[in-house]
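Every read-out reported here was derived from the displayed coordinates using simple, explicitly stated rules and does not represent laboratory data. Fair warning: this is a prediction, and the values are worked out from it, not measured in the lab. Here the Cβ positions follow ideal geometry from the backbone for every residue, glycine too, while neighbour counts run over all protein chains shown.
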Amino acid sequence: MAGQIVVAPDKFKGSLSAAAAAAAIRRGLHRFDPSLDVRECPVADGGEGTLAAAVAAGFEIIPLTAPGPSGDPVSTSFVRKGQAAVIEMADVSGLGRLPGGVRMPMQASSRGLGVLVARALDLGCRHIVVGIGGSACTDGGSGFLTGLGAVITDGHGRLLPDGGGPLASAAELDLTQLHPGLRGATLTIASDVDNPLCGPYGAAAVYGPQKGATADNVARLDAALTHWSVLVAQTTGREVRDAPGAGAAGGVGFAAMAVLGAEMRAGIDVVLDLVELDVHLDGAAAVITGEGCLDGQSLRGKAPVGVGARARSRGIPAVAIVGRSKLSAAEIARSPFAGVYSLEEMEPDLSRAMAEAADLLAAVGHNVARERLLPFDRS
């Protein structure tokens, strides 16, 4: 077959990593025709799995210890390649890092994220991408800034405790000790959240409850974030609390934009650029992508749809292999996919499908090769 086949799936959550899914699909393609030129390019959407996708693209894992959302140290990591670094906020300041899983809506901090960025800067990284999904905190990014050297004090000159609750007492934000490497660095925030920082659609109101906030907590956090946003605007001259994405990760988006001048970008676009999907697409005859479940939410920016859209923009046919498809025929017709295959069609039992996902992906990959790849080549 002329041209290579690019296999670029996201993870099959709870079953296979993106890299394992890509390998399984490749096995199926080669079972049909061992001579097929298959290039694996695991992807993610900026959330969980982003580091793994970057590692598959040649980034090196940098392990370290940093404060978790409770302040207790956690073993975490980021990845780097040359002057580029990729950090997953969830791996250091996420809900899964809370001791015993106990939510701390008023005290949880993003300080560890700042420590990771500082370490990347120490190592000479100057292009830093932060995926900020899954955070445990609603601290307006104050912890993130303190992890980078900022000093926040109350009206008596005392250091402010970590967390969103204490922000109500914030009186001064001193940025003179921020990490010097920030001056020559670019920071990109990968997020699909467009909430403002405050108000009924803000960080506390929309995301606070899933982080353990009661109705009273939400009201107090929103008031504290409003107070914090005024202090930040007075200090930096930037008023961004209503900017799309300011409410992402409990306000880390706000702090990153207001203090560090960070760029907010859709997670899928950031990751597809990191893994150099466009380079892989050069000369490609077809693309196979996929994820665990394809539904209406997927069409609004999940990884497989992003892959399919880039392929379609180049006139390259794209097929999705998914664990389960909830799309109607009309939705599939509007999608960037020439076809959608599901593991559920071969194994309706969900638990068995998850346990046997690798073998099922290989089998479906074989079917895709038989039904799709030769017709593409002959067209």
Ascending count of other beta-carbon atoms within 10 Å, so fewest first, for VAL151, VAL117: VAL151, VAL117
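What full-extension length gain, to one decimal in nm, is calculated for GLU263 and THR153 as 0.36 nm per residue of separation minus the Cα-Cα distance? Mind dumping the intermediate values first?
Working: separation 110, 0.36 × 110 = 39.60 nm, distance 2.73 nm.
Length gained, GLU263 through THR153: 36.9 nm.
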The range 250-304 pair-distance distribution - Cα-Cα, 5 Å bins, rounded %: 4, 14, 17, 18, 18, 13, 8, 5, 2
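Compare the peptides 205-211, 162-168, 137-143, 309-315 by average per-residue count of other Cβ atoms within 10 angstrom and give them in order, highest first.
Numbers: 205-211: 18.9, 162-168: 23.4, 137-143: 33.9, 309-315: 15.4.
Packing proxy ranking, top to bottom: 137-143, 162-168, 205-211, 309-315.
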Average silhouette area of the range 50-268, convex hull of alpha-carbon atoms, in square nanometres: 10.6 nm²
In nm, spacing of pseudo-spin labels at ASP282 and LEU350 (7 Å Cα→C-beta vector): 4.3 nm
The range 301-379 - convex hull of the alpha-carbon atoms, volume per residue in Å³: 101 Å³
Potential extension, CYS293-ALA168 segment - 0.36 nm per residue separation minus Cα distance: 40.8 nm
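Between GLN83 and ALA329, how high is the FRET efficiency from 1/(1 + (r/R0)^6) when r is the Cβ-Cβ distance and R₀ = 56 Å? Nearest 0.05.
With a Förster radius of 56 Å, E is 0.75.
So what is the relative contact order of the chain, in percent, for Cα pairs below 8 Å that sit 6 or more residues apart? If you can, show how the numbers build up before the last one.
Working: 923 pairs, mean separation 73.1, N = 379.
Worked out over the chain, it gives 19 percent.
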ARG370 versus SER75: modelled label distance in nm, points set 7 Å from Cα along the beta carbon direction: 4.6 nm
Label-point separation, TYR201 to PHE32 (7 Å along Cα→Cβ), nm: 4.4 nm
Using alpha-carbon coordinates, inclination of helix 357-368 to the longest axis of the chain, degrees: 50 degrees
Close Lys-Lys pairs in the chain, where close means Cα under 24 Å and separation is 8 or more or interchain: 8
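Can you work out D for the range 137-213 in µm² s⁻¹ from Stokes-Einstein, where Rh is the Kirkwood radius over C-alpha pairs, the temperature is 4 °C and the viscosity is 1.567 mPa s? Don't skip to the end; give the middle numbers.
Details: Rh = 14.1 Å.
Answer, rounded: 92 µm²/s.
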Cα shape, the chain, gyration tensor, a/c 1.5 rule: prolate
